[in-house]
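The values are calculated or read from the model by the stated rules, or taken from the named source; none is laboratory data. Please read all numbers here as calculations on a predicted model, not as lab measurements. Neighbour counts are summed over all protein chains in view; Cβ atoms, including those assigned to glycine, are modelled from backbone coordinates with ideal geometry. Surface areas here come from the heavy atoms of the whole protein model, side chains and all, with no ligands, DNA or RNA. Shrake-Rupley method; radii C 1.70, N 1.55, O 1.52, S 1.80 Å.
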Amino acid sequence: MDAYAACMGVTVSMLASGSRGNCAFVASARTRILVDAGVSCRETFKRMKVLGEDPQSLSAILITHEHSDHIYGLATLAKKLRIPIFMSGATHAAWARAMRDENGERPQLEKLERFESGHRFQVGDIEVKPFTIPHDAADPVGFSFRVEGAKVSVATDLGYLPVNVRDHLRGSDILVMESNHDVEMLRGGSYPWSVKQRVASNVGHLSNLKLADFFINDYDNRAAFVVLAHLSEENNHPEIARREAERALAERGGLFQNRLFQNQVLVAMQSEVLPPIRM
Ligand SMILES: [Zn+2]
Ligand SMILES: [Zn+2]
């Protein structure tokens, strides 16, 4: 699969992104991580092959929160791969409560590693920092990674961007950000009123508009790549999200200070693998 750029040894891709399943791929030269396991094991393996990666070479899976679009494939992936699964204690408890196997038993994670939001930990040569995000789950987090000297941040499923989240995003070379919905499309769309309220709330999902506000007012303009993620298929369109983001970044003062890379605003899709970013 074609990559966007090549030099240092960081690889980032999105195997799937959206309300029907999320899974991101972050790797150094020797450590490979999945962020979330929201598509089936079979589909995850298939998409890793599209990426040119062997699922058996994965080092760990990290979970942001227990919503099904982030954990759907987890039990099977954990059983097949027998690699460490990192999640917070509260997320694990919520996941275990909700999951029952065919015999009504709670599934076991053979290699569960609990982390605490705000506390760094290490997976191979990748340093991970989970940080709290505002979302209607037990203990939802975003992640920042230090990989091969670069900073990669992933922040999806959040109703807004509070100061602590903005702080964690600072200095990122690759920024994966939720751009969930167009406010007008959500308002005029077919969702029931209660669902519209939930999505638009401060513990729901980030709109194109709120992301644009971040780019204009608080973004350090440093990232070489911005990936727009968790787009609603019903209440957004990839070109609308891209246009909003590019307009905001232009307003922020010239599209990207880092001129090394072209084609910097990328849109992660539900149905296809994002060609890998390498830097
Ligand atoms: Zn969620
Ligand atoms: Zn989600």
Test for residue 113: is it out of contact with any Pro (no Cβ under 7 Å at 6 or more places or on another chain) and of a type in the set (Asp, Glu):
no
Somewhere in the stretch 240-256, is a residue within 16 Å of ligand 1 (Cβ to nearest atom), open to solvent by 10 Å² or more (accessible area, probe 1.4 Å) and either hydroxyl-bearing (Ser, Thr, Tyr) or more than 17 Å from residue 18 (Cβ to Cβ) (or both)?
no
Away from ligand 1 (no atom under 16 Å from the Cβ) and at pLDDT 95 or above: which single residue out of 44, 91 fits that description?
44
In the set 183, 176, 203, the lone residue that is at pLDDT 95 or above, of a type outside the set (D, E, K, R), touching a strand residue (DSSP E or B) at 6+ places or on another chain (Cβ under 9 Å) and surrounded by fewer than 23 Cβ atoms within 10 Å (Cβ to Cβ) is 183
Any residue in the stretch 58-75 that's within 22 Å of residue 177 (Cα to Cα): show its pairings with residues that are within 15 Å of ligand 1 (Cβ to nearest atom) and open to solvent by 30 Å² or more (accessible area, probe 1.4 Å) at Cβ separation under 8 Å, as long as the two are six or more apart or on different chains.
65/138; 65/139; 66/98; 66/138; 69/19; 69/20
Scanning the stretch 99-122 for residues that are out of contact with any helix residue (DSSP H, G or I) (no Cβ under 8 Å at 6 or more places or on another chain) and among the hydrophobic types (A, V, I, L, M, F, W, C), the one nearest to residue 38 (Cα to Cα) turns out to be 115
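What is the residue count in the stretch 119-137 for residues that are over 15 Å from the mean Cα position of the chain (by Cα), within 16 Å of ligand 2 (Cβ to nearest atom) and surrounded by 17 or more Cβ atoms within 10 Å (Cβ to Cβ)?
Result for the stretch 119-137: 1.
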Does the stretch 159-182 include one or more residues that are at positive phi and more than 16 Å from ligand 1 (Cβ to nearest atom)?
yes
